[in-house]
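The values are calculated or read from the model by the stated rules, or taken from the named source; none is laboratory data. Bear in mind the structure is a predicted one, so any value in this text is a computation, not a measurement. When we count neighbours, we look across all protein chains shown, and the Cβ atoms used for this are built from the backbone with ideal geometry, even at glycine. For the accessible areas, the whole protein counts, side chains as well, though only heavy atoms, and no ligand, DNA or RNA atoms are used. Shrake-Rupley method; radii C 1.70, N 1.55, O 1.52, S 1.80 Å.
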Amino acid sequence: MKKSIIIYLLLANSLITAYAQSNVDGVLQSILEHNKELKAGCSQLEAQKLQARTENNLPNPEVSYVHQWGNKEGMGFTGELVASQSFDFPTLYAQRNKRIKAQNRGFDAQFAILRQQILLQAKLVCLDLIYLNQLRSLQRDRLHNADVLSRFYASQLEKGATNAIETNKVDLELLNARNEARQTETAIKGKLEELKALNGGIGITFTDSIYQSACEYPEDFSAFCLQALESSPEMQYLRNNQAAAARQLTVSKQQWLPNLTVGYRMNPSSGGVRYNGVLVGISIPIFANRNKVKQAKAEQFYAETRLDSQSDSETAQLKNLWMKAGELRKSVQEYSSVLTQQNNMALLNKAIQAGQISMVEYFVNISTFYQSMQNYLQLQNEYQKTMAELHRFQL
């Protein structure tokens with residue numbers, strides 16, 4: 001066994017070392033380009049913005065013509081042609097336009113939420129794959145050691161230097177090592193299938209076993225929380241909803257202003273007589289706008305309350321993640337410090353083959369070592385995923 005390989009592989013990605021490279025960013029870029037849900041979201045975003053624009057269009061112009069005949073000979077005919085256009089009071093269009101801009105910013109934030117969710121999901125899968133690749137390397141090393149030891153004891157059994165009980169124990173260790181290696185291979189294939197689904201059905205080869213440098217742990221939670229809430233797409237979405245609700249209240253108040261109609265009117269009749277004129281009309285919204293202002297006030301209150309509630313909820317979630325990351329960081333550092341000084345696998349293998357230690361001592365030590373290594377890998381993985389969730393607003 002090559003001692004230096006395990007130490008480099010398992011500890012080079014510790015918190016102290018931050019020089020490892022990874023293609024996680026390349027995976028995320030590929031998913032941005034190929035993810036079908038994001039493509040659907042782009043189309044929906046465009047449709048929502050177009051729909052919002054139609055709410056500020058002018059009504060359709062109206063053209064009508066009436067032709068009338070007399071009921072007695074010599075009366076001739078008369079007619080009426082009317083072409084008109086109605087519109088709201090001009091200031092309403094300006095207020096609606098401001099509301100539409102706020103709505104569009106909300107639609108952008110809504111799409112940013114979807115984008116963040118998919119990228120975070122993909123990043124967590126990549127981090128799990130890094131962990132599984134590390135675990136596979138550790139298990140391959142364990143399998144190699146078990147295989148060497150199994151062959152050694154088989155030869156010793158033939159020479160009569162050992163007994164079948166100890167040989168069976170070694171064979172069981174080999175069997176357990178093979179079984180765990182198979183389970184890890186299955187888990188890796190499952191995670192790669194998850195990436196494939198996120199990548200629009202296009203397979204991704206991901207073999208990295210070293211984490212990228214995690215985002216720096218924020219010592220000052222208050223400053224970090226302010227930055228996170230400011231950049232959070234969920235908060236941006238609710239802030240824009242609040243702005244749109246405030247604009248809608250202004251629009252509702254101005255809808256009490258009269259609607260106007262202008263147009264052209266012509267009355268032709270027999271004998272070449274024709275009357276031309278201008279049509280001007282006014283519509284006072286006495287009934288159509290009833291309770292609209294109350295409704296807008298209620299919607300504004302809802303938007304403000306929901307924003308405050310989400311702020312409290314996100315702050316609590318960030319605080320929990322921040323505390324969890326802090327504890328994991330300490331545990332990872334402690335394991336890193338101890339494991340760099342206590343890799344005794346080579347010595348154990350030599351000692352058991354030389355008969356310097358018993359089989360019980362060997363298995364106690366090897367079990368402790370591999371369990372500690374797996375604990376370290378799991379802690380490292382949990383820390384990386386917690387930091388990814390903590391800094392998800394940067395995706």
Per-residue ³J(HN,Hα) for region 190-200, Karplus 6.51 cos²θ - 1.76 cosθ + 1.60, θ = phi - 60°, Hz, x for Gly and Pro: x, 5, 5, 5, 4, 4, 4, 4, 5, 9, x
Among all the lysines, which ones have a C-alpha under 18 Å from LYS36's C-alpha, if same-chain residues fewer than 8 places away are not counted? LYS123, LYS196
Work out, step by step, the length gained on full extension between GLU193 and VAL278: first 0.36 nm times the residue separation, then minus their alpha carbon distance; give nm to one decimal. 23.5 nm
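Mind ranking CYS215, CYS126 by accessible surface for me, highest first, 1.4 Å probe?
Values: CYS215 50, CYS126 0 Å².
Accessible-area ranking of CYS215, CYS126, largest first: CYS215, CYS126.
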Any aspartates and glutamates whose Cα falls less than 17 Å from that of LYS49, other than same-chain ones fewer than 8 residues away, would be ASP108
May I ask you to list the lysines whose Cα is less than 19 Å away from that of LYS330, ignoring any residue fewer than eight positions away on the same chain? LYS319, LYS385
If you stretched the chain out fully between GLN85 and ASN56, how much longer would it get, using 0.36 nm times the residue separation minus the C-alpha to C-alpha distance? 8.9 nm
9 Å beta-carbon shell around LEU143, net charge (K/R +1, D/E -1): 0
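Add +1 for every Lys or Arg and -1 for every Asp or Glu among the other residues with Cβ under 12 Å from the Cβ of ARG96, and state the total.
Values: positive: ARG53, LYS98, ARG99, LYS101, ARG247; negative: GLU55, ASP88.
Within the 12 Å Cβ shell, the charges total +3.
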